[in-house]
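Single-structure report; data block below.
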Amino acid sequence: MKRMWYRNAVIYEIFTRSFYDSNGDGIGDVKGIIEKLDYLDNLGIDVIWLTPIYASPNEDAGYDVSDYYQINEEYGVISDVELLIREAHKRNIKIIMELVANHTSIEHMWFKSARKSKKSIYRDFYIWRDNSGDEYPNNWMSSRTGKPVWTYVEETDSYYFHLYTSHQPDLNWRNEELRKEIYKIIKFWLNKGVDGFRLDVINKISKKEGLPDLDDSVPYHYAEMYFENQPLVHEYIHNMRKEILNEYPDCIFMGQTSGIDLDQAYEYTLGEKEQLDLFLQFELTDMDKGPEGRLKQFDLEKFKDIIFKWQDAFDGKLWNTIFLGSHDLPRMVSHYGDDENYREKSAKMLATVQLFLRGTQIIYMGDEIGMTNVNYKSIDDYNDNRTKNFYYKRINERNENEEKVFMDIHDISRDNARYPIQWNDSIHGGFSSGKPWIKENDNYEYINVESQLNDENSIFEYYKKLIKIRKSERTLIEGKTTRLNYGEGIIAYRRIYNDISIDVIANFTNVSKRIDIVGNGERIIGNYDGENYQELKPYEVVVFKNYIC
Ligand code: GLC
Ligand code: CA
């Protein structure tokens, strides 16, 4: 019997560093999560996904691991994680950890040894090319840095390969010993009781044999077609799965697989070889992103096309994850809604549209209270390496106008999602009694958890209701999704299962829309009071339930 628990699950993503600081050093920690478990239980979530908490120099927010068997001491010790797992399980909450296995940190013991000598037993855990006098071993460019994927080391007069920054050397999955080490890491954490893994950039772990140049007419390229979804990647994931299948049949793998299409998603999750349970694809959330941190015009029609394309693909067999926020994305209410004039209304509308779609739901921490983007004034206030890379490239190399660059940074910086959670209106938003590792957002004075708990009109209480409804209506889990057309600016769909249908109708704009809703049925939730459904107010959403005779 294949594990299916994830179908009903609402996952809550935690970026530990900014969740809650239990000891006043300004850094969120594992004990801080334990202290807030009742809060999460009250919200109604089923799974916590922790972004990496392993030992790491934090060049990329922990996505640069220096020791997979230790946690970052700023976050606590292993026994804290054990306690977190026990306490979460007591509340029926599962824990998913990250497996960051495309690359390590340069501080990892394997890499430190490998860079020193060609004779190191870890040398082949990474990807090397001898210095041949030509500039770089091939013409691939890192999409993270906009620079070559190679960095030179003097000790062995050679280059190592890195898809991300030079602090994140890629592992060589062709090496069997390396693969065995990865299995060991997985089992270590499974033995501690974790319930699954998010497999970071897992569709990139296999690179095309020989790392050939990509079309040499242009000097440097993003070479996705040579390192995404290569044939061997399926073997590698399948073999990881086989290693743990008997002993840990319930463990889920949620793969981060950017850029995959429907067929590839099918292969990863439903193909002959068992691989992933869930996948994260970014067609929706990346549709308006341009290169180097620029934003394109948001197009609602395209947004809808993408959502409905994935909903029931392959006749309902494909099972997607649904999310509008994450540690890599701007705040959803700022990005898709209106965080100035209609923050509460648009946050509720977006939550409804999201949570009633078909698929495993992921809520990013803080979205349940409508946290917004942050507008730091100086690049020094930012921490995110992607933001900094784009900033320096565009200002120093291209002489772009700083104001323009800052406008883009305000819209898309990953720090929008990485500043501290706002727990109350006291100093630092109640996140820490000390100075937070990253500047807080001043709006904690009016956007915070405490002010929303038990306020029946709050965004938090609304999320709670949505999650409750989702759990009590089989239709919202298993039902088919049909797109409904109510015209421009409106997103609407119907879920149908057995004799029940549920319609979600949402105004995605800040102006009222005249519409004609036929056969209303019972209104089960909405973000305005009122019974006039000839008109949808700004960002209004309304949901009707019908019995089909
Ligand atoms: C994924 C993570 C991102 C990280 C990258 C490199 O995209 O979500 O935060 O920077 O992988 O590990
Ligand atoms: Ca702390």
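The values are calculated or read from the model by the stated rules, or taken from the named source; none is laboratory data. Remember, it's a predicted structure, so these values are computed and weren't measured experimentally. Using ideal geometry, Cβ is built from the backbone for each residue, glycine included, and neighbour counts are taken over all protein chains shown. Protein only, heavy atoms only, side chains kept; ligands, DNA and RNA dropped before computing areas. Shrake-Rupley method; radii C 1.70, N 1.55, O 1.52, S 1.80 Å.
One line per residue, one yes/no per condition, for (1) in a loop (DSSP other than H, G, I, E, B); (2) within 15 Å of ligand 1 (Cβ to nearest atom); (3) open to solvent by less than 20 Å² (accessible area, probe 1.4 Å):
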| residue | (1), (2), (3) |
| --- | --- |
| Gly24 | yes, no, no |
| Val81 | no, no, yes |
| Glu87 | no, no, no |
| Ile96 | no, yes, yes |
Review point. Considering the stretch 461-482 alone, what residues qualify as being open to solvent by 40 Å² or more (accessible area, probe 1.4 Å) and closer than 14 Å to Ser501 by Cα?
Key: Ser472, Arg474, Glu478, Lys480, Thr482
Check your understanding: Here are Glu35, Glu13, Glu59: which of them is modelled with pLDDT of 95 or more, within 16 Å of ligand 1 (Cβ to nearest atom) and open to solvent by 20 Å² or more (accessible area, probe 1.4 Å)?
Key -> Glu59
Check your understanding: How do the pairs read when you match residues in the stretch 150-161 that are outside any strand (DSSP E or B) with residues anywhere that are at pLDDT 95 or above and surrounded by fewer than 19 Cβ atoms within 10 Å (Cβ to Cβ), using Cβ under 8 Å and keeping only pairs 6 or more apart or on different chains?
Key -> Glu155/Lys116; Glu155/Ser117; Thr156/Lys116; Thr156/Ser117; Thr156/Lys118; Asp157/Asp130; Asp157/Asn131
Check your understanding: Looking at (1) at pLDDT 95 or above; (2) outside the structural domain of Pro538 (by TED's automatic domain parsing), which is the only condition Asn454 fails?
Key -> (1)
Exercise for review: With the condition kept exactly as written, say whether any residue in the stretch 406-417 is open to solvent by 50 Å² or more (accessible area, probe 1.4 Å) and under 30 Å from Tyr376 (Cα atoms).
Suggested key: yes
Review point. Tally time: how many residues in the stretch 304-334 are in contact with a Phe, Trp or Tyr (Cβ under 8 Å, 6 or more places away or on another chain) and either farther than 16 Å from Ala506 by Cβ or surrounded by fewer than 19 Cβ atoms within 10 Å (Cβ to Cβ) (or both)?
Key: 12
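Condition (residue is of a type in the set (Gly, Ala, Ser), outside the structural domain of Asp124 (by TED's automatic domain parsing) and open to solvent by less than 10 Å² (accessible area, probe 1.4 Å)) applied to the stretch 207-221: is it met by at least one residue?
No, there is no match, as no residue in the stretch 207-221 is of a type in the set (Gly, Ala, Ser), outside the structural domain of Asp124 (by TED's automatic domain parsing) and open to solvent by less than 10 Å² (accessible area, probe 1.4 Å).
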Exercise for review: Considering every residue within the stretch 180-194, establish whether at least one is of a type outside the set (Ser, Thr, Tyr), farther than 24 Å from Lys94 by Cβ, open to solvent by 10 Å² or more (accessible area, probe 1.4 Å) and out of contact with any Pro (no Cβ under 8 Å at 6 or more places or on another chain).
Suggested key: yes
**Study point:** Selected residue [closer than 22 Å to Leu99 by Cα and among the charged types (D, E, K, R)] from Glu292, Glu283, Glu272, Glu267
**Key:** Glu267
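Looking at this structure, is Leu40 under 19 Å from Ile421 (Cα atoms), hydrophobic (A, V, I, L, M, F, W, C), open to solvent by less than 10 Å² (accessible area, probe 1.4 Å) and more than 16 Å from ligand 1 (Cβ to nearest atom)? Show your work before the answer.
Working: under 19 Å from Ile421 (Cα atoms): yes; hydrophobic (A, V, I, L, M, F, W, C): yes; open to solvent by less than 10 Å² (accessible area, probe 1.4 Å): yes; more than 16 Å from ligand 1 (Cβ to nearest atom): yes.
So Leu40 fits the description; yes.
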**Study point:** Residue among Glu283, Glu344 that alone is outside any loop (DSSP other than H, G, I, E, B), farther than 18 Å from Arg494 by Cα and of a type outside the set (Phe, Trp, Tyr)
**Key:** Glu344
Check your understanding: Hey, among the residues in the stretch 98-145 that are within 15 Å of ligand 1 (Cβ to nearest atom) and at pLDDT below 95, which one's surrounded by the fewest Cβ atoms within 10 Å (Cβ to Cβ)?
Key -> Ser143
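Do we have Asp380 as more than 25 Å from Lys296 (Cβ to Cβ), assigned to a loop (DSSP other than H, G, I, E, B) and acidic (Asp, Glu) here?
Values: more than 25 Å from Lys296 (Cβ to Cβ): yes; assigned to a loop (DSSP other than H, G, I, E, B): no; acidic (Asp, Glu): yes.
Taking the combined requirement at face value, the residue does not satisfy it.
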Exercise for review: Please give the number of the condition Glu368 fails out of (1) under 17 Å from the mean Cα position of the chain (by Cα); (2) within 16 Å of ligand 2 (Cβ to nearest atom).
Suggested key: (2)
Study note, to complete from the structure: Within the stretch 154-171, of all residues that are buried (at least 20 other Cβ atoms within 10 Å of the Cβ) and more than 24 Å from the chain's Cα centre (by Cα), the one farthest from ligand 1 (Cβ to nearest atom) is Tyr159
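Scan Gly62, Gly133 and give me the residue that is within 16 Å of ligand 2 (Cβ to nearest atom) and more than 17 Å from Ile34 (Cβ to Cβ).
Only one candidate passes the filter, namely Gly62.
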Exercise for review: Run Asn383 past the list (1) within 16 Å of ligand 1 (Cβ to nearest atom); (2) closer than 23 Å to Lys345 by Cβ and report the number of the one that doesn't hold.
Suggested key: (2)
Review point. Consider Glu87 against the criteria (1) in contact with a helix residue (DSSP H, G or I) (Cβ under 6 Å, 6 or more places away or on another chain); (2) of a type in the set (D, E, K, R); (3) more than 22 Å from Trp189 (Cα to Cα): it satisfies all of them except one. Which criterion is unmet?
Key: (3)
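Considering each residue of the stretch 248-280, count those that are part of a loop (DSSP other than H, G, I, E, B), open to solvent by less than 30 Å² (accessible area, probe 1.4 Å) and touching a residue at least 40 places away in the same chain (Cβ under 8 Å), and give that number.
Within the stretch 248-280, the first condition is being part of a loop (DSSP other than H, G, I, E, B), and the residues that meet it are 248-251, 257-261, 271-277.
From the residues that got through so far, the ones that are open to solvent by less than 30 Å² (accessible area, probe 1.4 Å) too are 251, 257-258, 260, 271, 275-277.
With touching a residue at least 40 places away in the same chain (Cβ under 8 Å) added as a condition, the list becomes 251, 257-258, 260, 275-277.
Looking only at that region, the number is 7.
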